[in-house]
Each structure stands twice: as structure tokens, then as C-alpha cells.
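Written out below as C-alpha cells is the structure these notes cover.
Bear in mind that the values in this text are calculations on the coordinates, not laboratory data. Predicted, not measured: the structure shown is a model, and the values here were computed from it. Note: ideal-geometry Cβ built from the backbone for every residue, glycine included; neighbour counts use all protein chains shown.
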Amino acid sequence: MLGVDAADQFLKSYCAAADGFDYQPYWDVDSMLDMWLDEPGYYEPWREFGMEVITADVIRQRADAYLGSVMKYV
């Protein structure tokens with residue numbers, strides 16, 4: 001939800017901290033496919049975590065960018 005740079009930084013930090021973790025991009029691709037089964041939309045509980053409302057168009061753009069980022073590991 002915070003963009004590709006934040007996701008990539010999280011993955012890099014997690015891999016460094018989680019001894020023995022083997023990143024499998026398959027699971028990210030799988031979750032992206034699940035997301036596209038329905039029209040993407042704002043998940044209301046995100047508001048509880050202070051996430052502002054994000055339009056379906058922005059979600060689509062960020063998801064496309066993220067999928068492109070994940071595919072570099074495949």
C-alpha cells in the first residue's frame with residue numbers, strides 16, 4: 001500500500017533479519033492474482049491503521065508496479 005520502494009525495502013530488511021529465509025516470489029504472484037479476482041478496492045479496516053482512502057485506480061497502478069517488481073525475481 002506504500003508503493004514498490006517501501007515493499008522492496010521491507011523485503012530486503014526482512015531477508016537480512018530472518019536467518020535462513022528463502023524468498024519465493026511465487027507467493028507474491030499468487031497473492032496478486034487473488035487480488036484481481038474482484039475489482040480492487042479500499043479495505044475499510046485499513047482506516048483503523050491510519051491509512052487514507054486509496055482509489056481503485058491508484059490500487060491498480062501500485063499493484064501493477066509491484067507485480068513488475070516481483071517479476072524481476074522470477
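So if I place +1 on the C-beta of Lys and Arg and -1 on the C-beta of Asp and Glu, and nothing else carries charge, what would the dipole magnitude of the chain be about its Cα centre? I want it in debye, nearest 20.
Numbers: 5 positive and 14 negative charges, 47 e Å.
The dipole magnitude comes to about 220 debye.
Take the Cα of Y14, go 7 Å toward its beta carbon, and the backbone nitrogen atoms of the stretch 26-44 under 11 Å from that spot belong to 27-28. Summed over all non-identical Cα pairs, the Kirkwood treatment of the stretch 4-71 gives a radius of 13.5 Å.
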